[in-house]
Structure formats: structure tokens, C-alpha cells
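Only one structure is covered here, and it is reproduced in the block below.
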Amino acid sequence: MSKDFSNYRLLIVDHHPGSAESLRKVLGEAGLEVSAATTAEELYRSLEQEGADLMLLDVQMAGSDGVRLSVALKEHPDYRKIPVLFLTPPDAPGDLSNGFNPASDDFITRPDHREELLMRIRRQLTTLETKKALEHQIDQLKKEITGKDTLCSVVAHDLRVPMSSMKMTLNVLLLKMQEKEILQDPDIADMLESANEISEELFSLLDNLLKWTGSQLGKLEAVPQQINLTALAEGVVEIFSMVAAPKKITLHFHSAPAEDTEVFVDIDMIKTSIRNLLSNAIKYSYPESEVDVAVETNEQEVIFRVTDRGCGISEENQQKLTDAACLFTTFGTQHESGSGLGLLLVKEFLNLNRGRLFFRSKEGEGSTFGFALPRTDIRG
């Protein structure tokens with residue numbers, strides 16, 4: 001065996017002590033560390049005390065069927081990954097002598113041929129070594145991804161606080177100046193409006209980034225409570241009417257009777273979902289157009305939907321919308337940019353609240369995005 005496999009432990013399980021000793025001698029001369037067992041009890045004792053990287057198992061174990069023993073090992077959580085090479089007699093049934101058995105990883109027919117035996121062992125150990133290398137690489141990649149997600153979470157959290165303060169300051173400043181009619185210079189008014197809009201967009205981006213990294217780190221957990229989706233959506237629509245104002249887009253809100261739109265959800269997650277869907281509708285709507293926002297019900301669900309008459313999405317790009325691997329995004333009708341996180345976050349939040357996301361779109365005509373949540377009835 002040209003490659004050094006001396007750090008691997010082999011276990012021979014053969015009910016003939018002489019055969020087991022003969023195999024151990026051959027494999028020991030090849031530089032392998034080998035132990036032997038002649039019964040199922042000795043096998044389990046050896047595995048518990050010393051472990052094994054590869055097992056050579058006699059299919060005709062005395063007092064124990066080798067195939068059944070191998071099946072039991074494959075079902076054991078601690079031993080299922082150990083490759084099993086069957087030692088089969090020349091007169092074994094066809095399925096065994098040909099090696100077609102799910103309980104084994106390979107086989108060799110007695111009488112043993114040293115070179116063939118070593119070749120098959122080497123193949124199994126090479127495969128095992130490759131698997132271990134791949135598992136190590138996967139573990140390293142997971143650690144790197146977790147590290148990056150943690151870094152993004154920290155950065156987003158640290159930026160979110162001052163960004164929130166700046167957003168509130170601009171909102172108050174703009175409101176105060178409008179009340180006192182100080183904004184006589186149209187250029188100053190435009191700059192303040194622009195700064196206010198940018199701060200809203202940045203805050204939304206950071207908020208999405210913080211929540212997305214939280215979901216990737218497994219730190220997001222829904223804390224549901226009884227809420228009225230109509231009241232929640234109406235409040236968000238009122239705020240986003242101001243966001244839509246610079247593009248002269250009108251939001252129309254329609255709802256089923258409020259008493260029929262009770263849901264049991266995490267209010268912050270659903271509010272963020274509504275915000276993201278409204279933000280996208282405004283982003284991809286043409287100036288001076290309209291957006292319809294509706295809360296509807298059926299027997300099982302409360303449904304929120306947003307319909308715009310904007311640029312729409314091609315069928316090809318629709319396949320990418322909820323693909324976390326590509327973070328798909330395009331520019332809005334006034335070249336607004338985005339991160340691609342919004343819709344992914346909506347999907348994640350809905351999964352955590354037993355809801356479902358849906359959408360339909362036609363390029364050049366507009367889109368409808370929405371979600372459905374299980375309906376609850378508090379009227380008794």
C-alpha cells in the first residue's frame with residue numbers, strides 16, 4: 001500500500017480465530033493497525049473501547065448472521081459511518097458473492113488474495129480520507145459563514161442606532177420647518193426631503209440586514225400575540241403614503257371588516273413584512289401611478305396583498321426572487337437601488353409565523369405581492 005494509512009484502525013470480525021489471525025498478520029505487515037473479534041459481543045466491546053475506521057466482516061458469523069449484524073451497525077448512530085467490507089465464501093448466495101447488499105460498502109470472496117484484499121481496503125480508506133477532508137472543509141466554511149454573519153450583525157446593529165436617531169431628527173426638523181413655513185427656499189426644501197428619504201431607506205436596509213443575519217445565525221424566534229391585521233396595515237400604509245409622495249404615487253387601502261382580520265403572529269415580523277412589500281411596490285411603480293393595498297379574508301386565512309402598476313418582473317427573474325444564493329435585485333423606476341434582502345426576509349418571517357408568501361407579475365404591467373396568515377376568531 002503506497003499511501004500511508006497507518007493512522008487508521010481496522011477491525012476484523014471473523015468467527016474463525018485462525019482466519020482472523022491470518023488476516024491480521026497480512027494487514028499488519030502492510031503497515032496497518034489491526035484488531036480482531038470472533039463474536040458480536042467482542043465486536044461491540046472493541047468498538048466501544050478502541051473504535052474502528054474500517055471493518056472486515058465475515059458474513060457467516062457463528063451465532064450471528066453477518067448481514068444482520070452489519071445492518072444493525074449501519075443503524076447505530078455511533079457506528080453507521082464505519083465502512084464494512086464483507087468477507088464472503090465462494091459458495092455464498094449471488095447477492096452476497098456479487099457484493100449487491102446495502103449493508104456492505106464492498107466485499108471480497110474467500111480464499112483471500114493478499115493484493116486484492118489490500119487494494120479493496122486501500123480504496124475504502126482513500127474514500128474515507130476524502131470524506132473526512134470534505135467534512136473538514138465544510139466545517140471550516142460554516143465557521144467562516146457564521147463569522148461573517150456575526151460581523152454583519154454587529155455592524156448593522158452599531159449603525160442602526162445612530163441611523164435611527166438621524167432619521168427621527170430629520171423627520172422632526174422637516175415637520176417643524178413646515179409648520180412654521182420656514183421652507184421658502186425650494187432648494188433647501190428639496191434637500192431636506194431628499195435627506196429624509198435617504199435616511200428612511202438606509203434605516204430600512206440596516207434593519208433588514210440586522211434581521212437577516214439574525215435569521216442566518218438561528219437567533220430569530222417568533223413571539224406571537226393577537227393582533228388586528230387591518231389596523232396594523234392601515235398604520236403602515238399611512239406612513240408609506242409620505243414615502244410615496246416624492247414620486248406622486250397614491251396608495252389606496254381596502255380592507256375586510258376589521259373584526260374578521262384577527263391573526264396570532266409576531267407583530268414586529270409582520271409589520272416588517274408589510275413595510276418591505278410596500279417599499280418594493282413604490283420602488284417599482286412609475287411616478288404618478290397608483291398602488292392598491294388590501295386586507296382580505298377567506299374561511300381559513302387573512303390575506304394581505306399589494307398591487308402596483310409598475311414595470312413588472314420577467315418570468316426568468318421571478319425564479320430568482322426567493323433564492324438566497326443570488327440575492328437578486330434590480331433598480332427601481334427612478335434608479336432606486338436595493339439589497340435583495342427584503343423579500344427573503346419576508347419569506348423567512350412568514351415561515352416563522354405559519355404563513356405563506358405569494359406573488360404574480362407580468363413584465364411591463366405590474367405586480368402583486370402578498371402573504372396569507374392563519375385566521376383566528378376572538379368573537380367566541
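Points to keep in mind about this one:
- Restricting segment 235-277 to residues that are closer than 15 Å to Ala294 by Cα and among the basic types (Lys, Arg), the residue that is surrounded by the most Cβ atoms within 10 Å (Cβ to Cβ): Arg275
- Segment 3-56, subset in contact with a strand residue (DSSP E or B) (Cβ under 9 Å, 6 or more places away or on another chain) and polar (S, T, N, Q), residue modelled with the highest pLDDT: Ser46
- Qualifying positions in segment 330-380 - hydroxyl-bearing (Ser, Thr, Tyr) and either at pLDDT 90 or above or buried (at least 18 other Cβ atoms within 10 Å of the Cβ) (or both): Ser361, Ser367, Thr368
- Any hit, segment 220-237, residues being closer than 30 Å to His335 by Cβ and over 31 Å from the mean Cα position of the chain (by Cα): yes
- Reported count of residues in segment 229-285, each being closer than 17 Å to Leu357 by Cβ and of a type in the set (D, E, K, R), is 3.
- Those strands (runs of 3 or more DSSP E) of segment 219-274 in which 2 or more residues are in the same structural domain as Leu345 (by TED's automatic domain parsing) and of a type in the set (Val, Ile, Thr) occupy 262-265.
- Considering (1) of a type in the set (Val, Ile, Thr); (2) in contact with a Leu (Cβ under 7 Å, 6 or more places away or on another chain); (3) at pLDDT below 90, the lone condition that Val223 does not fulfil carries the number (2).
- Taking segment 5-59 and the strands (runs of 3 or more DSSP E) fully enclosed by it, the elements with 1 or more residues that are within 17 Å of Lys81 (Cβ to Cβ) are at 9-13, 54-58.
The values are calculated or read from the model by the stated rules, or taken from the named source; none is laboratory data. For clarity, every value in this text was computed on a predicted model and none was experimentally measured. We place every Cβ from the backbone using ideal geometry, glycine too, and count neighbours over all the protein chains shown.
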